[in-house]
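Enquirer: Dumping the structure here so I can ask a few things about it.
The values are calculated or read from the model by the stated rules, or taken from the named source; none is laboratory data. This one's a predicted model, so the numbers in the text were calculated from it and none came from an experiment. Cβ atoms come from the backbone with ideal geometry, glycine included; neighbour counts cover every protein chain shown. Surface accessibility is based on the protein's heavy atoms, side chains included, excluding ligands, DNA and RNA. Shrake-Rupley method; radii C 1.70, N 1.55, O 1.52, S 1.80 Å.
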Amino acid sequence: MSTILVTGGCGFIGSCFIRQLFQKGGDPNVNVINIDKLTYAGHEENLPEAIRCDPRYRWHRTCITNRRAIAEILSESQPDAIVHFAAESHVDRSISSADPFVSSNVVGTVTLLDESLAMIRARAMQSDFRFIHISTDEVYGSLGKDGCFTESSPQRPSSPYAASKAAAEMFVRAYQTTHSLPTIITHCSNNYGPYQHSEKLIPLMILRAAGGQPMPVYNDGSNIRNWLHVTDHCDAIARVLQRGRAGQTYHIGGHAERTNIDVVQSIADAVDERLGRPTGSSRRLIEFVDDRPGHDYRYALDSSKTEAELNWRPAVSFESGLMETIDWYLAADDWITATASNVHHG
Ligand code: NAD
């Protein structure tokens with residue numbers, strides 16, 4: 001048996017990663033330990049009951065800054081790998097208040113690194129332990145119309161969220177260099193798909209269009225994001241876990257650059273079609289609002305290293321993934337009611 005410890009496994013991406021570990025054809029010899037304190041963004045419902053009741057799954061409702069609890073969980077479970085997703089993840093919230101971002105994203109990461117080091121130092125036998133740190137393209141700052149970031153691009157975070165992720169990443173690198181803790185860093189582009197908290201662009205726009213409410217778009221909507229379906233992201237992380245090399249950084253980017261206004265208009269039209277409304281009804285709900293301070297214009301990742309070394313390519317096209325995501329949200333009343341409180345719109 002091997003044991004994978006996932007942090008943030010009740011969030012959007014972490015829960016997808018766990019669902020994929022347990023899906024049909026998954027490895028029956030894997031135990032999963034999930035550490036998630038359930039912030040406003042974490043929901044137990046993101047994992048089906050079949051997983052929550054599976055004897056190979058265990059959840060600790062614990063903050064990653066709780067050093068004693070983390071030490072105990074690591075000592076008891078002796079994971080072969082940690083896949084670290086837990087973080088405060090919403091840029092607009094980091095602009096309102098950076099404190100929780102410093103605590104969870106920086107202090108929480110350092111706590112996990114320290115306790116991982118203590119755990120492997122206490123092991124009698126050499127082990128192939130890996131600490132996989134999930135980071136973001138946002139640490140690099142903004143691009144102009146052309147070019148893309150490589151794994152060696154300088155980091156120039158614009159938002160407090162991106163700064164906290166960059167700081168965490170510097171600690172991960174330092175623990176690899178100073179203490180030889182075997183770490184791997186991944187950077188991904190914007191994820192979308194089912195179970196994403198409804199404050200994020202795609203779910204927010206679907207729910208606003210469906211409810212006939214204003215659809216707020218920053219500035220003129222010309223900012224560009226590169227969209228990656230969450231299942232493709234988690235497939236890449238599984239490959240990093242199996243075959244990634246310690247000390248390396250891997251980019252996981254989608255092949256779908258779209259302006260925000262293109263995405264929002266596609267959602268508006270698709271919702272109209274699905275709800276049997278005249279074409280153009282939802283487009284009238286789009287409202288251009290003051291730009292987000294420090295709003296990065298464009299992100300794009302060069303993922304050729306990951307594609308070549310780990311034989312990974314995104315499998316879901318943005319068009320089909322977006323339509324499937326819209327259908328999921330339009331049919332997810334129970335999940336939305338259970339999770340929609342405390343939405344932050346900037
Ligand atoms: P999310 O906000 O949906 O989920 C975060 C999860 O972490 C929640 O379940 C929350 O309860 C948990 N958590 C937060 N702070 C915690 C703490 N101190 N202790 C224990 N649990 C805590 O986030 P997500 O979109 O799933 O993102 C996961 C990771 O991927 C993050 O590290 C994020 O920076 C990174 N990332 C996300 C995207 C994206 O598009 N969503 C893109 C690039 C990178």
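Enquirer: Per residue, how much accessible area does the chain show when a 1.4 Å probe rolls over the protein heavy atoms, in square angstrom?
Expert: Averaged over the residues of the chain, the accessible area is 42 Å².
Enquirer: Among A300, A124, A50, which one moves the most in a GNM of the chain with springs linking Cα atoms closer than 10 Å?
Expert: A124
Enquirer: So, with +1 on the Cβ of K and R and -1 on the Cβ of D and E, and no other charges, what is the size of the charge dipole of the chain about its Cα centre, to the nearest 20 debye?
Expert: Charge dipole of the chain: 680 debye, to the nearest 20.
Enquirer: What is the calculated FRET efficiency for N29 to D128, with r their C-beta to C-beta distance and R₀ = 22 Å, to the nearest 0.05?
Expert: Given R0 = 22 Å and the Cβ-Cβ separation, E is 0.90.
Enquirer: Report the Stokes-Einstein translational diffusion coefficient (µm² s⁻¹, integer) for the range 236-300, Rh taken as the Kirkwood radius over Cα pairs, at 25 °C with viscosity 0.890 mPa s.
Expert: Rounded to a whole number, D works out at 157 µm²/s.
Enquirer: Let me ask something else about it. Using only the Cα atoms, what convex hull volume per residue in Å³ does the range 187-241 have?
Expert: It comes to 92 Å³ per residue, whole-number rounded.
Enquirer: Over the chain, what portion of Cα pair distances is larger than 31 Å, expressed as a whole percent?
Expert: I get 30 percent for the Cα pairs in the chain exceeding 31 Å.
Enquirer: What distance in nm lies between label points placed 7 Å from Cα along the C-beta direction at E273 and S75?
Expert: 5.8
Enquirer: A further question on this structure: Under 20 Å from a point placed 7 Å out from the Cα of R61 along the Cα-to-Cβ direction: which residues of the range 88-103 have their backbone N that close?
Expert: Answer for this model: 88.
Enquirer: Moving on. Of all the accessible heavy-atom surface of the range 277-334, with the other protein chains kept in place and a 1.4 Å probe, what percent is carbon and sulfur?
Expert: 49
Enquirer: Pop out the carbon and sulfur fraction of the accessible area of the range 108-213 as a percent, whole number, probe 1.4 Å.
Expert: 52
Enquirer: Put a dot 7 Å past each Cα toward the Cβ at D99 and A338; how far apart are the dots in nm?
Expert: Spacing of the two 7 Å Cα→Cβ label points: 3.1 nm.
Enquirer: Follow-up question, since we're still on this one. For the range 92-169, what is Rg from Cα atoms divided by 2.2 N^0.38 Å, rounded to two decimals?
Expert: That ratio works out to 1.37.
Enquirer: Compute and list, largest first, the equivalent-ellipsoid semi-axes of the range 282-346 from the alpha carbon gyration tensor, each √(5λ) rounded to a whole angstrom.
Expert: Sorted largest first and rounded, they come to 30, 22, 14 Å.
Enquirer: What part of the accessible area of the range 6-99, given as a whole %, is carbon or sulfur when the probe is 1.4 angstrom?
Expert: Accessible surface attributable to carbon and sulfur in the range 6-99 totals 46 percent.
Enquirer: Next up: Of G254, P216, S266, which is farthest towards the positive pole of the range 211-276's charge dipole, taken about the Cα centre with +1 and -1 on the beta-carbons of Lys, Arg and Asp, Glu respectively?
Expert: G254
Enquirer: Then there's this: Sort 212-225, 129-142 for me by packing, meaning the mean count of neighbouring Cβ atoms within 10 Å per residue, highest on top.
Expert: The most tightly packed comes first, giving 129-142, 212-225.
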